[in-house]
Structure formats: structure tokens, C-alpha cells
Amino acid sequence: MSTQSLDSAPETLSVFDLFKLWYHIPVLLIAAVSMFSIRLAGSQRFITDNGVFLSGTDAWYHLRAIEWSVENWPQTIPYDVYSAFPTGASHGEFGTIYDLVIATVAFIIGLGDPSQQTIALTLLYTPAVLGTLIIFPVYYLAAKIAGRVAGLVSAVLLAAMPGVFLERGLVGYASHNIAEVLLMVLAVTFIFLAIRSIPQQSHLTDFLYSSSGTFDGAVKYSVFAGAFTALYLMVWPAGIAFLGFFAAFIAFRILSDTASRTPLELISIPGVVIPFTTGAVLLPVIVGNTVLYSAPLLSLTELSFLHAIAAALAAGLPVIATLYTHLYSHRHSGQTSLIHLLALFASVFLGFSIFAAQTGQFLSYLLTLFGFGVVPGLTPDTQALWALASPKYGFSASDVLVREYGFAFVAAGVGILISAFKMFRRESSADVEFLTAWAVFTSALAFTQMRFQYYLAVAVAIFTGYFLYHLAGSITDWFSSADRVSDSMSLPAVIVAVVVTVLLFAPLIAPLPLANAGGQAVTSTNVIESANANSPGEVTEWQEPLTYLQENTPSPSESNAELPYNGTYSHTTDYEYPSDAYGVLSWSSYGHWITTLADRPSVATPEQNGVQETADFLVGDDPDALPAQDNGAEAKYVMADWKTADANQVLGDAAAHSDVRNKDDLVTPVYSVSNGSFQQAYSHKEQAYYESMAVRLYHLHGSSLDKGNIAVEYSERTASSGESVKVFEGPGDIHRFNSSEEAQAFADKNPNAEVGGIGMAPNERVSALEQYRLVNSSYSMAFNDRQYMQSVQQTIFTTGYDKLQVTQPSWVKTFEKVDGATIEGDAPAGSTVEASVNLSEGARSNFTYTKQAEVGEDGTFEMTVPYGTTGYDSVTTEDGYTETSVTADGPYTISIIGGGQGGESTVHVPESNVVGEDSEPVTVSVLESGQLANQSA
């Protein structure tokens with residue numbers, strides 16, 4: 001029995017004392033639950049009767065990598081021959097520990113045999129979970145440097161941000177981006193703790209000879225920091241810049257202390273232990289990838305020995321700096337030491353740069369990272385902030401920042417300046433200085449690529465709390481103790497802090513007008529509105545055609561045992577495919593969808609593999625420009641959506657990457673003048689536009705297109721920029737004629753008139769394709785897209801011309817390259833014959849394919865056509881052929897055109913001839929009298 005007296009018993013805490021002690025926990029948990037529930041908004045749009053959808057493009061390839069890991073657990077996909085055909089590719093940020101962890105979770109949920117639905121659902125919810133977890137280290141860091149109230153403000157602010165940070169953490173947006181943020185923030189937290197744990201007034205000799213455990217905390221936190229840094233690099237190998245930033249901070253912290261004669265040698269403990277641990281964790285993985293899969297030795301975008309070398313150099317810099325302080329600092333003045341150390345670090349960095357440049361990636365990586373190497377035509381989130389702050393996007397730089405952070409960006413900026421001022425006056429601790437330097441580092445990243453706002457969001461949240469803490473503290477200092485509501489806070493300080501907090505949060509809650517883009521007002525949105533707008537996007541329009549591709553084309557893995565979909569392939573720069581292998585060409589944005597949803601090799605990927613070849617094919621007019629290997633393996637299918645044939649959409653992006661043509665070769669902007677102001681009315685289509693493969697496929701289905709029978713008058717004006725531009729006065733400037741000859745005659749008489757250039761009215765006749773045919777089009781129409789409809793309506797309203805389509809504008813169309821069937825025949829010598837056939841795809845579309853041929857002096861002609869009219873059941877996917885959904889309504893009609901000779905005949909073309917199973921020509925005779933002649937095959 002205890003003999004402790006009642007007088008010595010611990011005093012019972014009051015309810016108010018308990019509240020003050022624990023209030024932050026329920027508030028933080030409420031913020032976290034709210035954050036998670038917001039990120040789940042719209043999840044019902046992703047789970048449908050047709051399966052589980054994801055958003056964006058990266059998420060789909062992560063699904064591919066996770067499914068591969070499930071089949072080959074515990075490995076990650078090293079190289080994929082179903083991506084970047086005809087070479088294959090290894091995508092450094094895919095097939096990482098991120099995918100392996102999700103595969104493992106799916107394994108557990110699926111009791112060792114997860115279904116595709118289970119795998120997809122696990123990935124679907126991953127970003128919401130990871131995004132929510134970030135709130136806890138953010139609170140912790142802010143609370144450590146500015147108190148619990150500031151920590152809660154930072155946590156709530158992070159939960160309320162509606163920009164890129166929210167987007168990357170929404171359900172369905174299952175890219176690795178949000179995992180990057182979580183792992184970096186965890187690494188930063190443990191680096192902060194490691195620096196904070198260094199004993200004050202100690203020296204390096206104390207650490208080397210101490211056995212008391214005084215330094216255990218710093219070492220322990222350093223090991224954790226190094227481990228999380230390694231995990232960060234495993235998820236995103238290109239994040240090696242973070243390791244360089246850390247090494248630079250430690251080195252220059254030692255440098256500044258040396259120059260001021262107040263050395264802090266012990267900061268070299270985390271400076272060495274953290275990168276050493278990072279390298280120790282990475283090295284076995286790098287060696288394993290190199291030995292097992294022939295991974296590249298030096299690469300910045302994939303884990304390689306370059307990362308191990310970087311870790312070793314990062315660990316070596318503090319050692320060099322510390323040795324320098326002991327050996328040389330006492331011989332020189334602080335300024336001289338500073339110059340020597342700067343020269344030393346510059347030499348080391350230069351040597352590392354020269355070494356790394358041998359990989360051919362280092363300089364381009366640095367340029368891209370800091371905004372100078374961004375390829376034209378990429379999506380806005382990969383552009384620099386100042387690229388978005390342009391009239392093209394309708395935003396200024398301040399508009400972009402307000403939309404991301406409200407006014408918190410300003411508050412955080414002031415907070416960083418306060419910390420920097422304290423650093424300058426040497427009033428701050430090294431741990432806070434590290435956070436400040438890290439905030440500047442993330443700012444540099446975010447300003448040079450918009451997508452890196454997801455890093456900066458964390459720094460903004462932390463330093464907004466830091467700012468409010470110092471604001472309240474400064475106001476408190478202005479008042480006497482009588483005005484204080486507590487020992488550390490005055491009533492005016494509380495009032496001001498609350499008012500400022502409300503102002504900071506206001507733009508994140510209520511809509512705030514920002515800009516006017518394209519005549520439409522742009523306002524800020526709050527986090528709930530942004531989350532509720534979350535949806536899978538246009539991948540839902542692609543699912544049906546991709547399902548068709550999967551089910552009605554020969555499977556590469558079934559027809560080629562050496563090309564299994566979930567097979568293991570070693571790294572190579574040019575994989576040798578089986579001779580009958582094929583790829584699917586489409587724009588890079590759709591490459592991962594083709595690989596994952598159709599199980600087919602895609603040519604172009606969002607990582608820019610195959611983009612040059614794809615762009616050259618789509619923009620150019622060469623039907624034989626499909627990527628291929630020498631052994632006969634080539635891209636066999638082309639998938640094009642309505643954007644692919646729009647020069648202001650994908651086709652314009654392709655032109656930015658092409659060496660064949662640029663956008664100015666395809667279209668010329670035409671302006672209208674209103675009140676002295678020039679506004680673009682529409683785009684005049686040049687002949688090169690109509691002859692591009694993208695247009696000949698999507699709009700014409702491989703058919704020919706007659707020269708336009710309209711002539712358009714333009715006037716030349718000088719814009720305010722001094723540039724000469726085309727000006728269209730109104731619909732009265734479009735002249736319609738009964739034939740293209742009449743239109744040309746009018747243009748010949750009027751120097752300011754041109755034939756065609758609007759809708760499907762070319763300046764010259766477009767010839768037919770011989771080996772490309774439409775095999776499927778989606779039920780969904782381009783008219784479902786608001787942007788497409790606005791473009792169509794604007795063109796019709798401006799010009800009064802409505803012949804904008806010659807085929808049904810399905811959202812996605814799939815084309816196949818075939819051998820083509822040869823039609824041979826005889827007709828009057830010197831005449832022209834035209835073959836035409838009406839085709840349909842059920843009730844969804846119908847069109848006519850036409851092709852012309854000249855009859856020789858011997859009275860014979862020959863042409864190749866890509867569409868069959870009979871025998872569709874004779875070729876199947878089991879035989880290695882496509883089961884087309886486009887069928888003919890009857891035979892080809894072969895007509896004699898021009899010259900008044902008349903005459904026509906009909907002929908059927910078997911499907912087996914089109915696909916090359918039967919190479920015998922189809923023969924036909926066309927008599928001048930117009931009588932029906934015999935036909936044979």
C-alpha cells in the first residue's frame with residue numbers, strides 16, 4: 001500500500017486545462033477527416049458498370065505497372081515492349097516502389113489473388129490517402145517553429161488549397177506525384193529533427209569520442225531522413241535535385257559559419273549520415289536492376305549508379321568543408337576562406353557536371369528542371385509559371401498564384417523574408433534555416449514548372465503559420481501586459497491574427513474574379529468546388545474504341561509467344577520485335593491508355609517516346625511514314641480523335657514537334673476588326689492541312705476530296721504589332737459556285753480571293769489513300785465536347801459556311817493499314833475512272849470512299865483500294881486479321897468521269913484481297929456505252 005500523502009497527489013486538471021493541453025488533436029483530426037472526404041468527392045464517377053476509371057494519363061500506366069507487379073511479385077516492371085513501339089521503353093518513374101507497395105496492398109486485400117477490379121480500386125483511392133497523410137508532418141513542422149495554433153492554421157490551410165496540390169491528391173489521380181510530396185515532406189521533417197537534435201555548444205571531437213548517447217537523436221533522425229530521401233528517389237529518380245539542394249545547404253551552412261568565425265561543425269553529422277544512408281538504401285536496388293535487367297549504368301530519369309555517386313558526393317562535401325575549417329580557416333581571414341571554399345565547391349560541382357554530362361542528360365535535365373528546356377506543345381502543367389502568365393491562357397502570374405493559394409502566398413512570402421532576416425542577423429537556428437532554404441528551393445521548382453506547385457503548397461502552408469505567429473508576437477510586443485489575454489498573447493494580437501487569417505482564407509472559400517480568357521470570366525474556386533468537378537475525363541470516350549481494339553484485332557501476345565503482355569524484358573535501346581508484331585500509333589497523350597486498356601503496344605507516350613515519329617506522320621502526307629523495324633514489324637493501326645485533326649489542338653501540338661511541317665504551314669489565323677481591335681475570327685486552312693495524314697484519315701477515312709467550290713475574299717491589314725494579317729469582313733466575302741472550276745476562275749480575277757480554306761473545302765484536290773481504312777468509330781460524338789461545339793458554332797456564325805464535315809465526327813476513330821486489293825480493268829484509253837463504294841458502320845456513320853485512276857494508252861488501268869465489300873467472315877482475329885465493324889452497302893462502282901464518255905461498271909472486292917490473304921487482282925471492264933460489264937475476282 002502506498003504511503004504517499006494526499007497532499008503530494010498530483011493536482012487534478014480542470015476542463016479548461018485539459019482543453020489547452022489537447023485541443024490541437026481533435027482539430028487536426030477533424031481537418032484530416034475533412035481533407036480525406038473532400039478528396040473522395042466524385043468517386044462515384046470513377047466506379048461504373050464498365051469498370052474502374054482513373055484520371056489523367058500517368059495513372060493508367062501505373063495501373064499497368066501494378067498489374068505487372070501482381071503477376072511477377074515482388075518485382076517491378078523493368079522494361080516494357082508494349083510502350084514506345086518499335087523500340088520499347090523503360091519509364092523511370094513507373095515500375096517503382098510506389099507501384100510495388102500498391103500491388104502488395106492489393107495482394108493483401110485480394111487474399112493473394114486480387115482481381116483487376118481490386119487492383120484498380122486500390123490504386124483509385126491511393127492518392128486520397130497519401131494526400132491526407134501530408135497534413136500531419138505539415139502541422140508538426142509548423143508547430144515546432146511557430147506553436148500549435150500556427151500548426152493548426154497551416155494544416156487547415158493545406159486542406160483548403162484548391163490548386164495543383166488538391167488535384168494530385170484527388171481520388172482517381174493516381175500518379176506518383178502525391179507520393180513524391182509525402183516522401184519529400186517526411187524526409188524534410190526528419191532532416192529538420194536531425195539538425196534540431198544536434199547538441200548546442202558541442203564540437204566534432206565530442207561526437208567522435210562520446211559514449212554517452214548525446215548524439216543518438218541526431219544520428220537516428222539522420223538515418224530516417226536518409227531512408228525517406230532514398231524512397232523519394234525510388235518513386236521519382238529525377239528528384240536527385242533534392243539531394244543536391246540538401247548537400248548545398250549543409251556545405252554553405254558550414255561555409256557561412258567558417259566565414260563568420262563561429263563554426264558549427266556538428267551539422268556535418270546529418271550532412272554525412274543522411275546522404276550515406278540514402279546511398280546505402282539505393283545501392284542494392286541499383287545493383288539488382290543492373291545485374292538482373294541490364295538497367296543503364298548512368299541515368300537521371302531511372303535509378304542508376306549516378307544516384308549512388310550523387311549520394312557519395314553529397315556525403316563527401318560536408319567532410320571536405322569540415323576538414324577545410326580545421327586545416328585552413330585559421331590561416332586565412334573569413335573572407336579569404338569563403339572565397340576558397342566557394343572555389344572548392346564550384347570545382348566539385350563542375351567535375352560532377354562534366355562527369356554526368358557523359359550520359360547526355362545532365363545539362364538538358366537542369367535546363368528542363370529550371371524552365372528552359374520545356375518542349376513546345378506540352379500541357380500547361382509542365383510549362384513555367386511565366387509561360388502560363390500570358391494572354392494565351394488569360395492569366396497573369398498573380399492570377400495563377402491566387403488561384404492556387406489565395407493570399408496565403410503573400411503571407412508565406414513575408415514569413416520566408418522574416419526568417420531570412422533573422423538568418424542574416426544570426427538570430428535563427430539551423431533547423432529553421434533549413435526549412436527556409438527548402439521553401440526557396442520549392443519556390444524555384446514551382447515557378448519553373450507549374451506541376452511543382454504541389455511541393456510549394458506545403459511550404460506556403462508552413463510559412464503562412466510562421467508569418468501569423470510573428471505577426472501576433474509583434475503586435476503583442478506593442479501592448480502592455482495589462483492588455484494581454486495570456487502570458488504570450490494580447491487581445492489586439494488575437495483580433496488582428498483572426499482578421500488576417502480570415503482574409504487569407506477568403507479567396508479559398510468565396511469566388512474571386514481573376515481574369516478574362518477568351519471572353520469568359522475566370523474566377524477562383526474553393527476546394528469543395530474543385531473536388532466536386534473531379535472526373536475521369538475523356539478516357540471514358542476512349543474506352544469503347546479501345547475495347548474494340550482489344551477484342552477485334554489480333555493479340556500480339558497470343559500470336560507471338562515471345563511477346564507476352566506481362567513478360568519480363570531486359571533493358572535495351574532497341575528491342576527486336578517479332579516480324580509480325582505491330583504497334584498502334586496515336587498522339588502521346590493517349591499512349592498509356594492504349595497499352596493498359598487495349599493491351600496493345602503504343603508508339604508515342606506522354607514521356608515523349610515516339611513523339612517525333614508520330615508527329616511527322618500525323619502532320620506529313622507520307623502514308624509510308626509509320627514507325628517500323630527492318631524485319632517488317634511496324635505500326636499497323638492509327639487511332640485519332642477529333643483533336644488529332646484540329647490544328648488548334650493535338651495537330652498543332654504535333655506540328656510543334658515535327659520536322660516536316662509547322663503550324664503556320666497548316667493554318668493561318670484570320671481576323672475580324674471591331675472598333676479598331678483585331679480579333680481572330682477563324683483559321684484559314686492551307687492545302688498542307690488537308691493533305692496531312694491526320695485529316696486524310698479522321699475527316700476523309702482515306703477517301704479523296706474534291707477541290708472546294710467556294711472562293712473567299714480577304715483584305716490585308718497591318719495590326720498594332722506591325723504584322724500584316726488577313727482580315728475577313730463577313731459572310732458576304734464567301735462566294736459559292738457550282739463547281740471548283742468556277743471558284744478558281746473567280747479567284748484568278750480577284751487577287752485577294754482564295755479557293756477553299758474553310759471547312760472541308762481544299763484549295764486543290766486531295767488524292768485517296770490506298771492502304772488505310774476505317775475499321776471502327778466510337779458511338780460518342782465530338783459534338784459532346786463543349787470546346788468542339790464552340791469552335792464549330794463560331795466558324796458558322798463568322799463565315800456563314802456550314803460544310804465543315806464530310807464524315808461523321810465520332811470522338812475516336814480507328815484505322816488499319818492493310819495491303820489493299822488491286823483492281824485491274826480496261827476502259828477507253830486516255831480517260832479517267834473513279835471507283836466509289838458506300839460504306840457504313842451500323843447506324844452510327846456512313847460515308848463514301850472514292851479513288852481515281854488514269855487509263856493508259858493501251859486502255860487499261862490499275863488501282864489499289866483499302867475497303868472490301870464481301871467475305872468479312874472469312875478473316876478473323878484467330879487468323880491474325882482485323883474484324884472490321886465497317887462494311888460496304890454494295891459493290892464498288894467504277895465510272896468513267898469527264899469528257900462526256902459516261903459508262904460504269906460494278907465489282908465486288910473480297911475482304912481476303914484487302915488484308916493480303918489473296919493477292920490475285922480483281923478485274924473489271926468499263927464500256928463507253930455504259931453497259932454493265934462482267935466482273936471477276
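The values are calculated or read from the model by the stated rules, or taken from the named source; none is laboratory data. Keep in mind it's a predicted model, so treat the numbers as computed, not measured. Please note: Cβ atoms are built from the backbone with ideal geometry, for glycine as well, and neighbour counts cover all protein chains shown. We work out accessible area using only protein heavy atoms, side chains counted, and drop any ligands, DNA or RNA first. Shrake-Rupley method; radii C 1.70, N 1.55, O 1.52, S 1.80 Å.
Of note:
- In region 65-72 there is no residue that is touching a residue at least 40 places away in the same chain (Cβ under 8 Å), of a type in the set (Ser, Thr, Tyr) and open to solvent by less than 30 Å² (accessible area, probe 1.4 Å).
For (1) under 24 Å from Lys851 (Cα atoms); (2) modelled with pLDDT of 90 or more, each residue gets a yes or a no:
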| position | (1), (2) |
| --- | --- |
| Val725 | no, no |
| Glu729 | no, no |
| Ala745 | no, yes |
| Ala761 | yes, yes |
| Glu764 | yes, yes |
| Gln771 | yes, yes |
| Tyr779 | no, yes |
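- Of all residue pairs spaced 6 or more apart or on separate chains, those with beta-carbon atoms under 8 Å, a first member in region 15-40 that is at negative phi and part of a helix (DSSP H, G or I) and a second member that is of a type outside the set (Ser, Thr, Tyr) and at pLDDT below 80 are Leu21/Leu13.
- Condition check for Asp99: without any contact (Cβ under 8 Å) to a residue 60 or more places away in the chain, within 19 Å of Glu180 (Cα to Cα) and of a type in the set (Asp, Glu): yes
- Of all residues making up region 914-937, the number that are surrounded by 13 or more Cβ atoms within 10 Å (Cβ to Cβ), touching a helix residue (DSSP H, G or I) at 6+ places or on another chain (Cβ under 9 Å), modelled with pLDDT under 90 and not acidic (Asp, Glu): 1
- Residue check: Ile38 meets all listed conditions (1) β-branched (Val, Ile, Thr); (2) open to solvent by less than 10 Å² (accessible area, probe 1.4 Å); (3) out of contact with any Phe, Trp or Tyr (no Cβ under 8 Å at 6 or more places or on another chain) but one, namely (2).
- When residues in region 420-457 are screened for being at pLDDT below 90, under 20 Å from Ser197 (Cβ atoms), polar (S, T, N, Q) and in contact with a helix residue (DSSP H, G or I) (Cβ under 6 Å, 6 or more places away or on another chain), 1 of them pass.
- The residues of region 761-804 that are within 25 Å of Ser703 (Cα to Cα), in contact with a helix residue (DSSP H, G or I) (Cβ under 7 Å, 6 or more places away or on another chain) and not hydrophobic (A, V, I, L, M, F, W, C), listed by number, are Pro762, Asn763, Glu764, Tyr772, Asn776, Ser778, Tyr779, Ser780, Tyr788, Asp802.
- Among the residues listed as Thr118, Thr122, the single one being surrounded by 22 or more Cβ atoms within 10 Å (Cβ to Cβ), polar (S, T, N, Q) and at pLDDT 90 or above: Thr122
- Gln794 meets the stated requirement of being open to solvent by 10 Å² or more (accessible area, probe 1.4 Å), under 30 Å from Glu544 (Cβ atoms) and not charged (D, E, K, R).
- Subset of region 745-769 (residues that are open to solvent by 50 Å² or more (accessible area, probe 1.4 Å) and under 15 Å from Ser692 (Cα atoms)): Asn763, Glu764, Arg765, Ser767
- Flag for Gly172 being assigned to a helix (DSSP H, G or I) and buried (at least 23 other Cβ atoms within 10 Å of the Cβ): no
- Considered as a group, the residues in region 532-564 that are under 24 Å from Gly51 (Cβ atoms) and touching a Pro at 6+ places or on another chain (Cβ under 8 Å) include one that is surrounded by the most Cβ atoms within 10 Å (Cβ to Cβ), and that residue is Pro556.
- Total residues in region 416-435, condition touching a residue at least 24 places away in the same chain (Cβ under 8 Å) and on the phi < 0 side of the Ramachandran plot: 10
- Residue tally, condition among the hydrophobic types (A, V, I, L, M, F, W, C), buried (at least 20 other Cβ atoms within 10 Å of the Cβ) and at pLDDT below 80, over region 268-322: 3
- For region 166-179, filtering for residues that are farther than 19 Å from Ile47 by Cβ and more than 15 Å from the chain's Cα centre (by Cα) leaves 2.
Table: residues versus (1) in contact with a Leu (Cβ under 6 Å, 6 or more places away or on another chain); (2) part of a helix (DSSP H, G or I).
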residue	(1), (2)
Thr87	no, no
Phe94	no, no
Asp99	no, yes
Thr104	no, yes
Asp113	no, no
Thr118	no, yes
Leu123	yes, yes
Thr132	no, yes
Tyr139	yes, yes
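- Per the conditions (1) surrounded by fewer than 24 Cβ atoms within 10 Å (Cβ to Cβ); (2) modelled with pLDDT under 90, the sole criterion not satisfied by Gly95 is (1).
- Output for region 562-602, where each listed residue is closer than 19 Å to Asp630 by Cα, over 21 Å from the mean Cα position of the chain (by Cα) and either modelled with pLDDT of 90 or more or β-branched (Val, Ile, Thr) (or both): Thr572, Thr573, Tyr582, Gly583
- Inside region 876-894, residues that are among the acidic types (Asp, Glu) and more than 15 Å from Ala581 (Cα to Cα) make up a count of 2.
Here's the yes/no breakdown for (1) open to solvent by 50 Å² or more (accessible area, probe 1.4 Å); (2) in contact with a strand residue (DSSP E or B) (Cβ under 8 Å, 6 or more places away or on another chain):
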position	(1), (2)
Val81	no, no
Ala89	no, yes
Ile108	yes, no
Leu111	yes, no
